[in-house]
Amino acid sequence: MPVAVLPTHLLGNPTWVPVVDSYGDWVRVLLPSRPNRSTGWVHTGSGVDWGQTNYKIYVSLRLHRMSIHKGGRRIGTWPVATGAPNTPTPVGRTFVMASVDTGHGYGVPVLPLGTHSPTMSHFGGGPATIGLHGWPHGSGVFGHSVSNGCVRVPQSALPVMRRVPLGTVVTITR
């Protein structure tokens, strides 16, 4: 029988994963692994830490829009750039896996998600993790499908993104 353990830290951040189902002393959580939208069961009696978030992030690929909600209220919406046809942004439910400063000029924070490119196995030295990040190279990309799968956001979204807790659910729709 296969077994696995979640690391205590991912990309230098504590590992927080959303609970999507429960059964008795077990909870099913989203995993930051391939295939995208993978889940696993965790026994709640095994030293699990618990938290809450009332944030949610929604990305519409068709509208090229991202909105962040807190407590059911939209606190911001922005035009975004999404994956190009050959490197699409994957759809479905995922989560904020980490908050990092990559040092590559994408702004702070970069929010790596628990999902990966459907067309690339590696990118930038890593496993082609999809993320939400700033784009300081001009606003002409917003409203278009031009990225390698990440969601590029305007600099004005970054202060709100800094407040989003790890483990926050992100829903990406067509």
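The values are calculated or read from the model by the stated rules, or taken from the named source; none is laboratory data. Predicted, not measured: the structure shown is a model, and the values here were computed from it. Ideal geometry is used to build each Cβ from the backbone, glycine not excepted, and the neighbour counts take in all protein chains shown. Surface accessibility is based on the protein's heavy atoms, side chains included, excluding ligands, DNA and RNA. Shrake-Rupley method; radii C 1.70, N 1.55, O 1.52, S 1.80 Å.
Couple of notes before you dig in:
- Surface share of carbon and sulfur [accessible, 1.4 angstrom probe, percent] for the chain: 55
- Rounded to the nearest Hz, the phi-derived 3J(HN,Hα) couplings of segment 126-141 under the Karplus curve 6.51 cos²θ - 1.76 cosθ + 1.60 (θ = phi - 60°) are x, x, 6, 5, 7, x, 9, 8, x, 9, x, 9, x, 8, x, 7, where x marks glycine and proline.
- Counted residue by residue at 0.36 nm each, then reduced by the alpha carbon distance between them, the extension gain from residue 101 to residue 60 reaches 12.3 nm.
- Where segment 55-172 is the region considered: accessible area per residue in Å², 1.4 Å probe: 43
- FRET efficiency, residue 50 to residue 162 (Cβ-Cβ, R0 22 Å, nearest 0.05): 0.45
- Sites residue 69 and residue 34, calculated FRET efficiency, Cβ-Cβ separation with R0 30 Å, nearest 0.05: 0.60
- Rg and Dmax [Cα atoms of the chain; Å; Rg one decimal, Dmax integer]: 15.9, 51
- ³J(HN,Hα), Karplus 6.51/-1.76/1.60, whole Hz, each residue of segment 83-95, x for Gly, Pro: x, 5, x, 7, 9, x, 6, x, 8, x, 8, 9, 7
- For the pair residue 173 and residue 123 in one chain, pulling the backbone fully straight at 0.36 nm per residue adds 15.7 nm over the alpha carbon distance.
- Amide H contacts of residue 26 (H built 1.01 Å from N, under 5 Å, at least 5 apart or other chain): 44
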